[in-house]
């Protein structure tokens, strides 16, 4: 089984990497954020950043591994043999994934903060910071709150997404070749 866990700051391009792996290499993608948004939709709520954060925190207060258990359950249910998990943000996620899939490889996607801010503005999600300064302040709080530096330390590979899509695809190919997966 080939399992990749993607990590990185908001807007770094995790979804783009997952998309390349899915479209060009037959991986199945499961995004933790999508599971949160599914829960918000089940409740008939609008998926603003504040609401998704509130619902996520509510469910994780009862079980810190709530969403990662859903991810693992869905992967096993579907019987996928090549999967990319997008959006690993918690140490509990790393721990549960390593236990469920000992062969998992964690990959950190890095991108310049200004590029990430511009990408996020283009997405136009409700509740997103209006200025670059607010964005950096929000990000600093998230890094501290989720201990992201520690989470990201589990990455055995770093992909830099400051260049073009072609550059990104080249790094994905090199990564898969290094892992012996292509």
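The values are calculated or read from the model by the stated rules, or taken from the named source; none is laboratory data. Since the model is a prediction, treat every value here as computed from it, not as a measurement. Please note: Cβ atoms are built from the backbone with ideal geometry, for glycine as well, and neighbour counts cover all protein chains shown.
Descriptive notes on the structure:
- Residue list for the range 124-142, filter: free of Cβ contacts under 8 Å to residues at least 60 places away in the same chain and part of a helix (DSSP H, G or I): 132, 133, 134, 135, 136, 137, 138, 140, 141
- Looking only at the range 13-51, and only at residues there that are outside any helix (DSSP H, G or I) and touching a helix residue (DSSP H, G or I) at 6+ places or on another chain (Cβ under 6 Å), the one that is farthest from residue 161 (Cα to Cα): 45
- Residues being surrounded by 11 or more Cβ atoms within 10 Å (Cβ to Cβ), over 16 Å from the mean Cα position of the chain (by Cα) and modelled with pLDDT of 90 or more - total across the range 119-145: 5
- Every residue from the range 61-73 that is outside any loop (DSSP other than H, G, I, E, B) and touching a residue at least 12 places away in the same chain (Cβ under 8 Å): 67, 68, 69, 70, 71, 72
- In the range 12-32, the residues that are on the phi > 0 side of the Ramachandran plot and in contact (Cβ under 8 Å) with a residue 60 or more places away in the chain form Cβ pairs under 6 Å with partners that are crowded, with 18+ Cβ neighbours inside 10 Å and in a strand (DSSP E or B), at six or more places apart or across chains, as follows: 13/109.
- Options 151, 94, 107: the member that is within 14 Å of residue 17 (Cβ to Cβ), modelled with pLDDT of 95 or more and crowded, with 19+ Cβ neighbours inside 10 Å: 107
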